[in-house]
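Take a look at the structure below.
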Amino acid sequence: MTEDDLLLTVLDLARLLGHHVAHFRPARTDRGWRTAVQADGKGYPDLTIAGSGGVMFRELKSATGRSSREQLAWAAKLESAGADFAVWRPADLRSGRINAELRALRVRNSERQETR
């Protein structure tokens, strides 16, 4: 499964669960592929997913894909701020991890605390 295949699958699943999802696609220019970003946007996670239970940031990678220096910097900054950040790979789809994490995002934080 390619990263693009994973992206399309995750987008479909997130939408089916009622989440809002942002993904910024690169465009082909006369200087190659570029994603229009300003400031520290280079390396920003592939997906920002908002549900009634919060917001998560996810970087998508193929089975062998590696994170860039800028992606690692974003991951570190988000994690140090307490954000829900993770990398998802095709194996996470097959194991059910992606489905479980997206479904958990449907539950409000207050409801999660009541069940504990």
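The values are calculated or read from the model by the stated rules, or taken from the named source; none is laboratory data. All of these numbers come straight from a predicted model, not from anything done at the bench. Cβ coordinates were reconstructed from backbone atoms using ideal geometry, including for glycine residues, and neighbour counts include every protein chain displayed.
Values as computed for the structure displayed
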quantity	calculated
Selected residue [out of contact with any strand residue (DSSP E or B) (no Cβ under 9 Å at 6 or more places or on another chain), assigned to a loop (DSSP other than H, G, I, E, B), at pLDDT 95 or above and surrounded by fewer than 12 Cβ atoms within 10 Å (Cβ to Cβ)] from 63, 39	63
Per-region count, segment 80-92, residues closer than 13 Å to residue 58 by Cα and either among the hydrophobic types (A, V, I, L, M, F, W, C) or at pLDDT below 95 (or both)	5
Meets criteria (touching a His at 6+ places or on another chain (Cβ under 8 Å), modelled with pLDDT of 95 or more and within 15 Å of residue 10 (Cβ to Cβ)) for residue 49	yes
Residue in segment 93-116 that is surrounded by the most Cβ atoms within 10 Å (Cβ to Cβ), counting only those that are in a helix (DSSP H, G or I), at pLDDT 85 or above and not small (Gly, Ala, Ser)	98
